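The values are calculated or read from the model by the stated rules, or taken from the named source; none is laboratory data. Just so you know, these numbers come straight off a predicted model, no measurement behind them. All Cβ positions, glycine included, derive from the backbone under ideal geometry; neighbour counts span all protein chains shown. Ligands, DNA and RNA are excluded from the accessible area calculation, which covers all protein heavy atoms including side chains. Shrake-Rupley method; radii C 1.70, N 1.55, O 1.52, S 1.80 Å.
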Amino acid sequence: MPAPEAAGWRIDSNTTQAEAEDEVYQLFLLLRRVAATKNLLLPVGTDYTPPSKWVTEVARDWNRRYVSPQFVCGLPKDFFGAVRDELAAAGRRPVPVTRDMNPLYTGKDVSYIDTKQAQRRAESLLVEAEAFATVASWSSARFPYAAVDKAWRQLVYGAHHDAITGSESDQVYLDLLTTWRDAHDLASTVLENSLDTLAESVAPSSDLPTLIVFNPAAWDRTDLVTTRLSVPGWDGFELVGPDGSPVPVLAEAVTEDEAGRITGATVTFLATVPGIGYDARWSLRPAAGSPADWQEAEGSSIANEHYRLAVDPQRGGCVSELVESATGRSVLREGEVGNELVLEQEYPEHPRFHEGPWHLVPTGRSVTSAAGAASVQALKSPLGERLVVHGTIDGIRYEQRLTLWHGLQRVDCSTTVRDFAGADQLLRVRWPADVPGALPVSEVGAAVVGRGFALLGEDSAEHPWTLDNPAASWFGLSSTVRVRVRGDGGRVHERAISVAELVAPDGDHGAELRDLAVALAGRGVTSTTSRGDGTRYGILSVDSNLPDVRVSVGAPEENSFTDAVLGAADEQYRIELDKQLAGQGWAAVWVPAERPLQDVWQPSADLSGLRDLPVLLLVGAEAVQGAVADLDDAVVEVEQTADAATSGEPSLDDHTVALVNTGMPGFAVTSDGALHLSLMRSCTGWPSGVWIDPPRRTAPDGSNFQQQHWTHEWSYSLVSGPGDWRAVGAVHAGFGANHPLRVSSAPGRGDAEPSGRFL
């Protein structure tokens, strides 16, 4: 299904029937090269195209004059039915193309960034609200069907093609804001009522004001709890934990009555709560003093038991040192700084496609916060240590906070941009991680997949694709699957793989590769299948992303690509293949690339060359089946005497650095290992500012709403450690950032035990 929008537009925009027929035929010639059957689907309806005036006449006239191809006007079900029938008649199974089409429109992940934050916030609340309301309905509570149903409808409505993508007009944007607000308020009310209902069935641990902490995660969890408390006019107070002893507490925004007695405070403390459960053993009691707020400290560095962190005031307050206490290794590349703001200048519209906010359109010019000085303030509290940075970048005022909490293995960060007033600019935060051999990995919906590197710092007039990607709640440098090659003398070389091209034997449709494609996808490696005698995937000008490895199946006499690779590589690999075939009847040989991936992964890249990427040669059914079985532990084992390493490319360092986001799905990881989180962009391109029904409305300064002229704040975290993304708990960290521990202070009066329990 090609160009689901442009195809119909191009056909309908022709002025004569003959031109329309030629357009259809040219599209047919383009598609037939990659078709699995003789049936092709050509959609002719788009979001801006009326019913095509040429479709029926093109089919009638063409079919009167030509025997083949035949054009049929029909529905999608007719096309898929014809495909199934042809495959069944031939006894074939199609090979799944497991990769998606990202990254196509990379601007969608950051345009109108406040809508991404609003959608994520409302989604997170509603997921928790529905779960806890279900549990509450097991008692006397009635499940709030109407509120939950309406909230989901509002979110689904706001998730359509030109809404959450940020490509809508200003008028639509303002209309949509009310749907997100409605969904948020409905979800918040349902969640609060459900937690209060559950709290009423819990027996309090004492006569003192009791806090009941709920955990929306499915696993036991230790994390921060923040809540606003009413205090009954005490001179001071303390929080008592499950063991009856006072616990460290951070108290902020303390209020007092006229007599100086405390009436309220926002408190933060650390709690351990069972999965989908609660702990009711937290209570307030009077005390001689009150918990401390943040207190000023000296210096520009902080630490806890997991990290040591320092910033450089002369380089924009960026992180100049971040060391893992357990391993002693630096998270950052030597000489570089983290948490650095990068402000990229953009074109008002795409220089080539002349479109607006769904594209990223950098001019190649940028400035960074590290280019100037900043003020730094150190703070300490009973719960942790914090650095607060104030600076400017291209006249834009920013505040950044970096916090290390005692007992938590992460770096919590926030960036606030005050009174933003720029135009056609993209703001990112950059962390140059030091994980040799690692590849980009991200969470997407209900899976974790490998991604390709991004291509930043270029002029989109010359190189239109930046290759940014969306991340559901986190992304990082790690590995999904690795190929481990064992050689003579105990030599071991590991290579991470993320996106693959599976090459079937000549003339073969690759049905025997189905199990391999499915097994790779199950471990996060997406793939596209081609044929040995066909064209190679990996040309950015005609595809939407790039592979980093090829798997070629079949002997040289069966697969011309395998034969060509062996012919272009050193003779040792053909010798290795022949030796394995002679000794065991099948072979698995790793042929390294000619150059490091970083050298070939360039703007407007073409990776179709024989030696551009490493190739895993699999000859014989046993080799393919062995690779499928090997993927159970996400490691494909290969034994060979031939060299496995590409000169200048390091073996994979088994380590992970990841950034966790809360509603900011755009990210980019460059081939040098720098992690970029997209914060926001200002866009003046069409349809920004479009207003169909007068009067036209603007921001207070007269700007389009797409320009985002107001104060913005973002929260994110960094996690790192030995092992892949599974070992460092990236999924749990991403969930936790978007689903914090919740508190109810409703007075318990039921018969349940006053302890930590599963619901």
Once Lys and Arg get +1 and Asp and Glu get -1 on their Cβ, which of GLY233, ALA151, VAL635 lies farthest toward the positive end of the dipole of the chain? ALA151
Dipole of the chain [Lys/Arg +1, Asp/Glu -1 at C-beta], most positive-end residue of HIS493, PRO362, GLY507: GLY507
Put MET101, MET664 in order of accessible area, largest first, probe 1.4 Å, and you get MET101, MET664
Stretched fully, the stretch from SER230 through ARG32 gains (0.36 nm per residue minus C-alpha distance, one decimal, in nm) 64.3 nm
Relative contact order in percent for the range 466-551 (Cα pairs under 8 Å, 6+ apart) equals 30 percent
Which value, in debye to the nearest 20, describes the size of the charge dipole of the range 631-674 about its Cα centre when Lys and Arg Cβ atoms bear +1, Asp and Glu Cβ atoms bear -1, and nothing else is charged? 360 debye
Under a 1.4 Å probe, counting only protein heavy atoms, LEU176 has an accessible area in Å², nearest 10, of 0 Å²
Pairwise centroid distance, computed over Cα atoms, of the range 574-626 with the range 430-462, Å: 24 Å
Expressed as a whole number of Å, what is the distance separating the alpha-carbon centroids of the range 521-549 and the range 644-705? 24 Å
Roll a 1.4 Å probe over the protein heavy atoms and report the accessible area of TYR157 in Å², nearest 10. 130 Å²
Tally the DSSP beta bridges in the range 445-574 and give the antiparallel ones as a percent, rounded to 5. 40 percent
Distance between the range 191-269 and the range 27-105 - C-alpha centres, whole angstrom: 61 Å
Between ASP85 and ASP533, the FRET efficiency computed from the C-beta separation at R0 = 35 Å comes out, to the nearest 0.05, as 0.85
Please give me the summed charge of the neighbours of TRP590: other residues whose Cβ is under 15 Å from its Cβ, Lys and Arg +1, Asp and Glu -1. -2
log₁₀ of I(q)/I(0) at q = 0.16 Å⁻¹ - the range 118-269, Debye sum with one point per alpha carbon: -1.01
The answer for SER478, listing residues at least 5 apart or on another chain whose modeled amide H is closer than 5 Å to its amide H, is LEU439, VAL441
Give or take rounding to whole Å, what are the principal axis extents of the alpha carbon atoms in the chain, in descending order? 94, 74, 57
Within the range 188-239: Cβ-based charge dipole about Cα centre, in debye rounded to nearest 20 (Lys, Arg +1; Asp, Glu -1): 140 debye
Heavy atoms only, probe 1.4 Å: what % of the accessible area of the range 627-697 goes to carbon and sulfur, would you let me know? 51 percent
Counting helices only, and only those DSSP H runs with n ≥ 4, report the 222 nm mean residue ellipticity of the chain as the sum of -39,500 (n - 2.57) divided by its residues, in deg cm²/dmol to the nearest 500. -7000 deg cm²/dmol
Could you report the accessible area of ARG352 in Å², rounded to 10, computed with a 1.4 Å probe on the protein chains as they sit in the structure? 120 Å²
Kirkwood Rh, Cα Rg: Rg to Rh for the range 406-461? 1.03
Which value, in Å², gives the accessible area per residue of the range 406-452 when a 1.4 Å probe is used on the protein heavy atoms? 27 Å²
In terms of solvent-accessible area of protein heavy atoms at a 1.4 angstrom probe, what is the ranking of ARG228, ARG536, ARG726, highest value first? ARG228, ARG726, ARG536
With +1 at each Lys and Arg Cβ and -1 at each Asp and Glu Cβ, the charge dipole magnitude of the chain around its Cα centre, to the nearest 20 debye, comes out at 1000 debye
